[in-house]
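What follows is a set of notes on a single structure, which appears directly below.
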């Protein structure tokens with residue numbers, strides 16, 4: 001499929017500057033229990049790494065096909081800029097850029113999508129302790145429901161300059177049971 005070729009090209013490009021496997025250390029994980037959960041928060045993030053990465057497998061409880069995953073850093077608002085490429089397998093892929101709202105960093109299947117389909121998200125937050133510049137992120141997200149679904153490749157620049165100590169993720173409705181989140185520190 002077109003999106004698989006795009007993702008392979010992007011991963012190949014980014015792979016030239018990516019850390020090696022031993023550079024990743026698990027900081028925290030969260031698994032959503034029965035009944036769902038509206039917010040996942042990672043608090044007390046250590047300042048001993050160069051970058052952070054969040055990996056997630058998610059599904060939303062809201063009755064829609066595609067839902068947004070929203071990000072909040074240090075409990076602040078969502079001012080900044082984001083850019084992303086989006087495709088859903090039908091029609092022309094789209095590009096999007098806006099100012100004032102970096103908060104949407106991925107997509108996930110909603111409750112009307114085939115049962116047990118979860119979306120994947122990989123989010124890198126670069127130089128998260130550097131107080132001399134704003135926080136920059138890049139992300140890959142997507143899901144497939146046997147021919148339907150979506151893929152998202154994006155980046156964001158935030159207005160946050162303080163070192164990150166807290167990251168929260170929310171969605172439309174709740175994250176469904178068995179959604180899984182993992183926060184990693186990447187050595188510099």
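The values are calculated or read from the model by the stated rules, or taken from the named source; none is laboratory data. Note that this is a predicted model, so its numbers are computed, not measured. Cβ: placed from backbone, ideal geometry, glycine included. Neighbour counts: every protein chain shown.
Overview of values
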quantity	calculated
Unmet requirement for residue 42, which otherwise passes all of (1) buried (at least 17 other Cβ atoms within 10 Å of the Cβ); (2) under 20 Å from residue 114 (Cα atoms); (3) modelled with pLDDT of 85 or more	(2)
Matching residues in the range 62-87 - criterion: being buried (at least 21 other Cβ atoms within 10 Å of the Cβ) and in a loop (DSSP other than H, G, I, E, B)	none
Output for the range 94-122, where each listed residue is modelled with pLDDT under 80, outside any strand (DSSP E or B), loosely packed, with under 15 Cβ neighbours inside 10 Å and on the phi < 0 side of the Ramachandran plot	101
